[in-house]
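No value in this document is a laboratory result; all are computed from the given coordinates. Values in this document were obtained by computation on a predicted structure and should not be read as measured data. In this analysis, Cβ positions are derived from the backbone assuming ideal geometry, glycine residues included, and neighbour counts consider all displayed protein chains.
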Amino acid sequence: MRAAGSKTMLWGIAILAAYPIPGLCDEGVLDPHGPVGMAERVILMDATAIMLAVVIPVIVLALVFAWWFRAGNPRAHYLPMWEYSGTIEIVVWAIPALVILFLGGIAWTGSHDLDPPNGVHSKETPMDVQVVSLDWKWLFIYPNEGVASVNRLVVPVGKPIRFQLTSATVMNSFFVPQLGSQIYTMPGMTTRLMLQADQTGTYKGISAQFSGDGFSDMRFDFVAAPATEFRSWIQQTKAAGKTFDKTAYDALARPSSAAPAMAYGSVSPGLFEAVSGGSTMATPMLHQEQ
């Protein structure tokens with residue numbers, strides 16, 4: 001009875017492991033919605049296939065060897081004097097060498113084709129967005145539209161987004177898994193990134209670099225909307241009349257977690273350049289430390 005129960009439990013575990021969990025891949029790098037994310041998924045799948053070409057034969061051969069050299073097989077001969085085979089040596093070293101060669105080729109071509117500053121192939125003119133990582137929230141500045149938002153990035157669907165990114169505190173990492181290419185934000189410098197959303201929707205953005213107590217709540221919504229809805233959002237934001245200046249920045253820069261989404265109808269010129277250059281990093285907390 002106990003043996004039968006164990007077999008039933010093992011079969012149940014195997015069925016649950018093989019059954020696809022609904023929604024498991026609905027959000028993440030395996031469900032891309034942009035050209036960069038699609039290209040990264042291809043690289044991931046190719047690398048997995050190359051590694052499985054080694055993993056699967058090794059597992060199968062391990063089972064075959066265990067079965068063939070079992071104690072009850074009289075045809076399996078023990079050869080105590082055997083010590084070398086040139087053919088086996090060639091196979092043993094050639095297979096991992098080919099795997100490394102193929103994986104290295106994928107990494108080489110992929111890292112150049114998907115270099116973050118490279119442009120996305122599109123007939124649309126890119127839209128500029130400036131990103132500042134704070135403790136523990138994301139600030140998005142639209143320099144051409146003259147507006148800003150916190151923890152919510154609204155962009156037109158199908159339009160390349162040209163990001164400039166910096167940090168006002170510690171190093172952080174900007175990442176929208178369904179669109180691809182996480183990139184670091186660092187104080188005193190500017191990094192660049194190009195992304196594009198091909199379908200309307202709200203995509204989850206995260207911080208992929210631990211940065212303190214509020215790290216787990218440092219998330220934002222990447223909203224890809226039709227062009228008409230985007231223009232309407234810009235108009236509504238400007239009509240609200242909220243101004244983002246040095247005073248608003250100092251208040252926003254105070255450490256806080258799970259900050260609600262906010263929008264500002266106007267932005268002081270040169271604010272991003274001042275932050276990336278370090279001149280506005282003197283938040284109240286930094287004043288106390290000095």
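General observations
- Residues in region 34-47 carry Karplus couplings, in order, of x, x, 5, x, 5, 5, 5, 5, 4, 4, 5, 5, 4, 5 Hz; the curve used is 6.51 cos²θ - 1.76 cosθ + 1.60 with θ = phi - 60°, and Gly or Pro positions show x.
- Tilt relative to the chain, helix 86-113 - C-alpha long axis, 0 to 90 degrees, to 10: 10
- Each of PRO116, ILE56, ILE43 was scored by the projection of its Cα onto the charge dipole of the chain, and the greatest displacement toward the positive side belongs to ILE56; charges sit on the C-beta of Lys, Arg, Asp and Glu.
- Peptide packing: for 209-219, 174-184, 99-109, the average count of neighbouring Cβ atoms within 10 Å per residue gives the ranking 174-184, 209-219, 99-109, highest mean first.
- Neighbour-count order for ILE50, ILE161, ILE59, fewest beta carbons within 10 angstrom listed first: ILE59, ILE50, ILE161
- Ascending count of other beta-carbon atoms within 10 Å, so fewest first, for TRP136, TRP93, TRP233: TRP93, TRP233, TRP136
- A value for semi-axes √(5λ) of the Cα gyration tensor in Å was derived from the coordinates, and within the list (i) 24, 23, 17; (ii) 51, 22, 21; (iii) 30, 21, 20 it appears as (ii).
- Each Lys and Arg adds +1 at its Cβ and each Asp and Glu adds -1 at its Cβ; summed about the Cα centre, the chain shows a dipole of about 600 debye.
- Interchain or long-range residues, amide H under 5 Å from VAL154's placed H: VAL223
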